[in-house]
Amino acid sequence: MSRTTIVILLVILVIAGAWYLNSKKGVKAITYRDGTYEGDSKRDERDQYGSIKITVKDGKITSAEFTEYNSDGSPKDETYPYPAALEAMDELESRLIKVQDPDKVDNVSGATGTWKKFKEAADNALSKAG
């Protein structure tokens, strides 16, 4: 092998190694203690908040039950004027179980306020499971 070939191979290896290490940056293996954990979000500017109950089994989130509450403390139901928020609750629960990290749960179009409350409540609950 010539020196040029060796230098080219070394450069390729350095670039591939840097790419690999950079691709792993920020990746963390999340495991939680088994149990059931509850958390709430803060109240928003309309005095509404979200509450979640998360179950962890074998270190993984196996269920999530999220409820969003009106300012009077009643759960939002079919009378709530923004159906996207109601539909988002089930979708957000499913997404959390799939990705196992509230920070990786994507927003649901038309339900940003619900999504923010969901993430905050889930973070609160899972902080107890760490």
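What the table below lists for this structure:
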read-out: Output for the stretch 92-125, where each listed residue is surrounded by fewer than 22 Cβ atoms within 10 Å (Cβ to Cβ), touching a residue at least 12 places away in the same chain (Cβ under 8 Å), assigned to a helix (DSSP H, G or I) and under 12 Å from the mean Cα position of the chain (by Cα); value: E93, I97, D103, K116, K119, E120, D123, N124
read-out: Residue match in the stretch 78-88 (condition: β-branched (V, I, T) and assigned to a helix (DSSP H, G or I)); value: no
read-out: Residue in the stretch 86-107 that is modelled with pLDDT under 95 and more than 21 Å from Y69 (Cβ to Cβ) present; value: no
read-out: Residues of the stretch 48-106 classified as at positive phi and of a type in the set (A, V, I, L, M), total; value: 0
read-out: Test: residue in the stretch 33-48 that is at pLDDT 95 or above, among the small types (G, A, S) and assigned to a strand (DSSP E or B); value: yes
read-out: Unmet criterion (only one of (1) under 13 Å from G39 (Cα atoms); (2) basic (K, R); (3) part of a helix (DSSP H, G or I); (4) open to solvent by 70 Å² or more (accessible area, probe 1.4 Å)) for K53; value: (3)
read-out: Residue count for the stretch 56-90, restricted to those that are open to solvent by less than 20 Å² (accessible area, probe 1.4 Å) and farther than 17 Å from A121 by Cα; value: 1
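The values are calculated or read from the model by the stated rules, or taken from the named source; none is laboratory data. Fair warning: this is a prediction, and the values are worked out from it, not measured in the lab. Positions of Cβ are generated from backbone atoms using ideal geometry, with glycine treated the same way; all protein chains shown enter the neighbour counts. Please note that ligands, DNA and RNA were not included when accessible areas were found on the heavy atoms of the full protein model with its side chains. Shrake-Rupley method; radii C 1.70, N 1.55, O 1.52, S 1.80 Å.
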